[in-house]
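First the structure, in the form of C-alpha cells, and then the observations on it.
Derivation of every value follows stated rules applied to the coordinates shown; laboratory data play no part. From a predicted model like this one, the values you see are computed outputs, not experimental measurements. Here the Cβ positions follow ideal geometry from the backbone for every residue, glycine too, while neighbour counts run over all protein chains shown.
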Amino acid sequence: MPEKKEIYFHVGLGKTGTTFLQQRVFPHFKNVYYLQSGHYRHFRKSIEKCQANKIFISREFDRQLQREAKRFSQHYPHAKTIIVLRRHASWIASEYKRYLKSGKNNTFDSFLDLQNDNGNWKKEDVFFYPKIKYLEKKFDHKPLVLFFKDLKKDSWGYIDKFANYMNATYSKQNINTKPKHKSYNTKQLKIIKKFNQKFMPQGPDYSDNYYIMKIQRWMRMIPRYIVLYSAPLIPNKFVDDQPLIAPEKLQKIEKNYREDWRKCVEYARQNNPL
C-alpha cells in the first residue's frame, strides 16, 4: 500500500493577506510542492496526480470554511491545517468593503446586524474559535493558528512560520514583501456604493454557487472598476464626510467578540508547534 502523502492545507481566512501569500510567497517554497489555488476545485484529482510526497494547498475561505473543511477531510483527514485570523472588527470591516466592491449596496447594519441577526452575515459567521475547533474535530492534527497582525509587524518572521511548519525553505531574494495593492479609500467605496444602489439591482445571494457567482462577478466587473478608478476625479463636495462605518459600530463588534478572540490567542499559545 503506497505511503500517505504529507499534506498541508491553508484554509484562509479571507482578507488576511492570502492573495499576497499565494502569489508572492508560496510558489517560492522549496521542499514542498505548492498546488496553486486554482487547483482547489478538483483538489483530489490534483493531489493524486502530483508526484511529490509533500504537498501544500492554499485556499481563501470565510463563511464556507466549515463546509470545505468537511469536504477536504473526507479524503485527507491526516492533512495539517493552517488558519490565519484578524481582529474581528478589522476583519468584518474589510469583508464589508469587499462586499461593496462586488456590486452590493447594503448598509453596514444590514451586512452584519448584531442586534437582530438579520444581516447578510450572521453573528455566528464572525466567531473564530468554533472554526478552530471544527478543524480540530475534522482532521487528525490540531490546526496551526496564525495572526494577520504578525504579517504587518514582521513579514519575514511571519513567512518563516509557514515555512518552518512544513520544513520548507525559501530565498528572500525571490520574494517581494511590498503590499500587492492598497485598499480603496472611503471616497471610492462611497461612490461605488451609490453606483450600486442606482445601477446594480440586488438579487439573491449566490455566494455558495460557484458558477452563478462567477457569472455575476464578470457581469459587474467592468462598470464597477470604471467607477472605482474614476472616483478620485469626482469633486469632494459630492461625497459626504461621514465615515463609511461608524467607529462606535466597530467598537461594539470588538466588544461582542472579545472573548472569542481571547480563546483564539490562548489556543495558539498552547497548541502552535512553533
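In the range 89-155, taking the dipole from charged Cβ atoms about the Cα centre, the farthest positive-side position among P130, L114, L151 is held by L151.
Measuring between alpha carbons in the structure, the pairs from K131/K263; K133/K249; K15/K45; K80/K131; K138/K161; K30/K142 lying more than 21 angstrom apart are K133/K249; K15/K45; K138/K161; K30/K142. A Förster radius of 35 Å, combined with the Cβ-Cβ distance separating E254 from Q23, puts the computed FRET efficiency at roughly 0.70. Each Lys and Arg Cβ is given +1 and each Asp and Glu Cβ -1; about its Cα centre, the range 77-180 then shows a dipole of about 340 debye. Counting Lys and Arg as +1 and Asp and Glu as -1 over every other residue whose Cβ lies under 14 Å from the Cβ of H42, the net charge comes to +4.
The trypsin sites (Lys or Arg not before Pro) of the range 1-91 meeting both criteria, a DSSP state outside H, G, I, E and B (loop) and at most 13 other C-beta atoms within 10 angstrom of the site's C-beta, are K4.
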